[in-house]
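Novice: Before anything else, here's the structure in question.
The values are calculated or read from the model by the stated rules, or taken from the named source; none is laboratory data. All figures in this text were calculated on a predicted structure; none of them were measured in a lab. For neighbour counting, all protein chains shown are included, and Cβ atoms are generated from backbone atoms with ideal geometry for every residue, glycine included.
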Amino acid sequence: MKDEKLCPVLDSKKKTVNKIIDLAISESKKTNKKINLIWLEACGCSGNIISLLNADDPDIIFFLENMVNLTYNNSLMRKEGERAFEVFLKTLETEFILVVEGAISTKENGFYNVIAKYNNKYITGMEAVKMAADKAKYVLSVGSCASYGGPSAARPNPSESISVPDFLDREVIRVPGCPCHPTWIIGTLAHIIYFDKPKLDEENRPVIFYGVTIHDRCERRSYFEKGLFAEKLGEKECMFKLGCRGPITRTVCPTMEWNSRHNWPIGDNTPCIGCAREGFPDSMEPFVRF
Amino acid sequence: MNLKFNEFSRLNYYRYMEMISVYPWEKNYYRNLYYKEYKKLYFKRFKNNNLKEFTLEELSYYDGSNGRDSYVAVDGIVYDLSLEATWGGGTHFGLYAGKDLTSQFKGCHQDMRSILDKLPKVGVIKE
């Protein structure tokens, strides 16, 4: 009781987190109906689906069993070939969320990125995304390629790739990152499933995960303020002079951290390369400046 | 204590307050104020002095690599971007420091003087 009187902020901090966790748990128990989810990979590297497998609290098993009905994904589904694409077509008849990973290759009518062969006809990534996006309830572009073009659209861009929001005429929620943090994907989807779409910023990113810059919450921020800078990798000071992109990249990496909250790039002595920023990787080069 | 609040006495005052403060957070608060003031004064030095003249060759030395300062010229005036948060390692969205970037600046920021006014000036480009 005495502590509460001394500092009410400290006490409310503990309660706020608990409140949010309790709300998430109670909401997840309330709804029995699972919404269908199509996870479409266009011109990408499968990095985001692999990142999603590393999720915890909730983990991928809970996500698949209790939150969504993942009908189509080229990496995780059991069916293959034409039978797999039939599932995709069947899901289009229902209510579903579309998640796109990878940029849209547009050269030669999208023929640089073929995702299926159905009735002796090649289905391009461009065609499949267009087909699904027309009917989807929500469209999420997960990863930097889908959100901004990313490495797929990097110079010289031989496949003429563009981002999903550029390709589609409808609202697309951007969840960038290379790869995207599993918690950001599941968090955004959970908000959509249990409530509605989350609060978005001017670039259509969820504010809860992309609200502050890495520089704002960086563990080496005090070194920056004092003007102490690392001269080579491995030193403990601020890596700003080595070309850190923390000040222009908005994510919650410093507080959430990666690999089940073990570590993150700056904690591991590498400067931020701005992977969740528009223009990555061309505009973010050089990644380290000596 | 009869202190006249010009910049230097302010520095002394913050140092004094830091010394006599009992609580760590209070000490920290005054230490931060001190460093903020110190930084301001440090850059004011460049403003008050006669501006140095740079040739483009001399300017190219200050490209931000190897911990050097990063200077950039816009409209003939050389600005110090060493502590500008968006210029990590002397680079900014594919641009490198140590050059005259007038056209690039106008291409992206139009004629936003407010950006330039905040930056410390270190010199002018020699014709």
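Novice: Within the range A:232-246, identify whether any single residue is surrounded by fewer than 18 Cβ atoms within 10 Å (Cβ to Cβ) and modelled with pLDDT under 90, and answer yes or no.
Specialist: yes
Novice: Among the residues of the range A:32-75, which ones are outside any loop (DSSP other than H, G, I, E, B) and among the hydroxyl-bearing types (Ser, Thr, Tyr)?
Specialist: A:SER51, A:THR71, A:TYR72, listed by residue number.
Novice: Give, as residue ranges, the helices (runs of 4 or more DSSP H) completely inside the range B:39-127 that count at least 3 residues that are more than 14 Å from chain A (Cβ to nearest Cβ), surrounded by fewer than 16 Cβ atoms within 10 Å (Cβ to Cβ) and of a type outside the set (Gly, Ala, Ser).
Specialist: Because the criterion is at least 3 residues that are more than 14 Å from chain A (Cβ to nearest Cβ), surrounded by fewer than 16 Cβ atoms within 10 Å (Cβ to Cβ) and of a type outside the set (Gly, Ala, Ser), the helices (runs of 4 or more DSSP H) in the range B:39-127 that meet it are B:102-109, B:113-118.
Novice: Looking at B:PHE43 and the list (1) at pLDDT below 90; (2) touching a Lys or Arg at 6+ places or on another chain (Cβ under 7 Å); (3) under 30 Å from A:GLY274 (Cβ atoms), which single condition is not satisfied?
Specialist: (2)
Novice: Being within 22 Å of A:LEU70 (Cβ to Cβ) and assigned by TED's automatic domain parsing to the domain that holds A:ALA84, is that true of even one residue in the range A:146-153?
Specialist: yes
Novice: Name the one entry in A:ARG289, A:ARG261 that is part of a loop (DSSP other than H, G, I, E, B) and touching a Ser or Thr at 6+ places or on another chain (Cβ under 7 Å).
Specialist: A:ARG289
Novice: Within the range A:82-115, can you find the residues that are surrounded by 23 or more Cβ atoms within 10 Å (Cβ to Cβ) and within 15 Å of A:ASP166 (Cα to Cα)?
Specialist: A:VAL100, A:GLU101, A:GLY102, A:ALA103, A:ILE104, A:SER105, A:GLY110
Novice: Now for a different question. How about the range A:198-225: which of its residues are of a type outside the set (A, V, I, L, M), surrounded by 15 or more Cβ atoms within 10 Å (Cβ to Cβ) and not in a helix (DSSP H, G or I)?
Specialist: A:PRO198, A:ASN204, A:ARG205, A:PRO206, A:THR213, A:HIS215, A:ARG217, A:CYS218, A:ARG220
Novice: Write out, first by first residue and then by second, each pair whose Cβ atoms fall under 8 Å of each other, whose residues are 6+ apart or on separate chains, and whose first residue, in the range A:256-279, is within 23 Å of A:PRO151 (Cβ to Cβ) while the second is basic (Lys, Arg).
Specialist: A:ILE266/A:ARG220; A:PRO271/A:ARG245; A:CYS272/A:ARG245; A:ILE273/A:ARG245; A:GLY274/A:ARG245; A:ALA276/A:ARG250; A:ARG277/A:ARG245; A:ARG277/A:ARG250
This table checks each residue for (1) at pLDDT below 95; (2) over 23 Å from A:GLY47 (Cα atoms); (3) not in a strand (DSSP E or B).
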site: A:LYS79; (1), (2), (3): yes, no, yes
site: A:THR94; (1), (2), (3): yes, yes, yes
site: A:GLU108; (1), (2), (3): yes, yes, yes
site: A:TYR112; (1), (2), (3): yes, no, yes
site: A:ILE115; (1), (2), (3): yes, no, no
site: A:MET131; (1), (2), (3): yes, yes, yes
site: A:ASN157; (1), (2), (3): yes, no, yes
